[in-house]
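Taking it in order: structure first as structure tokens, then the write-up.
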Amino acid sequence: MARVLIIIGSRREGNSKILANKIKEGLRKERISVDMITPGNQKIYLCTGCMDCDETGVCDFQDDMVENIQKVENSDYLIFITPTRWNLLSGDLKIFMDRLNPLYASRGLTGKKMIALIIGSKKKSEYSTDGALTSLGSFAESSGMQLTYTHQFHRCLAFEDILEQEEEINQTIQEIIKVIES
Ligand SMILES: Cc1cc2nc3c(=O)[nH]c(=O)nc-3n(C[C@H](O)[C@H](O)[C@H](O)COP(=O)(O)O)c2cc1C
């Protein structure tokens, strides 16, 4: 049975968190095991680029990434949900990705499956969410993960705007289930 970790790129109780909770609920109905983390609300030091982990496979910092890395190791699917910020992914997610380098160095990300969900306030025709998707896709490729599904939600500015797209959310959940169970 697939084990899923949802990584939420926004600290607020907003669209990313709402979407994460709905996905969790949908997957659990299918008896798929789901855990969720919000790196922005945790204690995570910035990567200094010391490169020690390239040699040892371990980071010198003792913070919430120790448990996060265990959770990533124990997961088959990583679902990244990010708000768009200046046409890019959230800074919180970038910090989290940098701190996964010890796992990358020990080949711990190779073969994992990734799902990338992007949320933005602009219209689809403005292509503002594409940069975040490109960053996540290139992270997957560089780290040996397989990007198996992506979706971009538009016109979500205020905390709960995504709730106006119930049908799109439900369709996304069904497609994620299909991908995980295939
Ligand atoms: C600093 C900042 C920059 C943003 N830049 C963009 C942007 O470039 N394109 C866009 O579509 N939305 C942008 N937004 C809007 C957020 O992506 C949008 O409000 C999103 O729904 C927030 O997700 P959340 O509710 O999970 O925090 C930005 C928001 C902030 C705070």
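The values are calculated or read from the model by the stated rules, or taken from the named source; none is laboratory data. Since the structure is predicted, the reported quantities are computational estimates derived from the model, not experimental observations. Positions of Cβ are backbone-derived with ideal geometry, glycine not excepted, and every protein chain shown enters the neighbour counts.
Among the residues of the range 152-166, which ones are within 8 Å of the ligand (Cβ to nearest atom) and either of a type in the set (G, A, S) or without any contact (Cβ under 8 Å) to a residue 40 or more places away in the chain (or both)?
H154, L157, A158
Here is a list: I118, I95. Which entry is among the β-branched types (V, I, T), more than 24 Å from E67 (Cα to Cα) and modelled with pLDDT of 95 or more?
I118
Take the range 32-87 and flag every residue that is of a type in the set (A, V, I, L, M, F, W, C), under 13 Å from R99 (Cα atoms) and outside any helix (DSSP H, G or I).
Within the range 32-87, I44, L46, C47, C50, M51, V58, C59, F61 qualify.
Condition first: in contact (Cβ under 8 Å) with a residue 40 or more places away in the chain and surrounded by fewer than 19 Cβ atoms within 10 Å (Cβ to Cβ). Now tell me which residues in the range 73-84 satisfy that.
N74, D76
Just the residues that are within 7 Å of the ligand (Cβ to nearest atom), of a type in the set (G, A, S) and either over 9 Å from P83 (Cβ atoms) or surrounded by 24 or more Cβ atoms within 10 Å (Cβ to Cβ) (or both), please, taken from the range 11-21.
Across the range 11-21, the qualifying residue is only S16.
Only one of S125, S121 is surrounded by fewer than 21 Cβ atoms within 10 Å (Cβ to Cβ) and more than 9 Å from the ligand (Cβ to nearest atom); which?
After ruling out the rest, the residue left standing is S125.
Sort through K178, K124 and tell me the only one that's within 19 Å of S75 (Cβ to Cβ) and among the charged types (D, E, K, R).
It is K178.
Please go through the range 156-167 and give me each residue that is surrounded by 14 or more Cβ atoms within 10 Å (Cβ to Cβ) and of a type in the set (D, E), ordered by number.
Within the range 156-167, D161 is the sole residue that qualifies.
Using the structure shown, decide if N68 is in contact with a Phe, Trp or Tyr (Cβ under 9 Å, 6 or more places away or on another chain) and of a type in the set (S, T, N, Q).
Considered against the rule, which asks whether it is in contact with a Phe, Trp or Tyr (Cβ under 9 Å, 6 or more places away or on another chain) and of a type in the set (S, T, N, Q), N68 comes out as yes.
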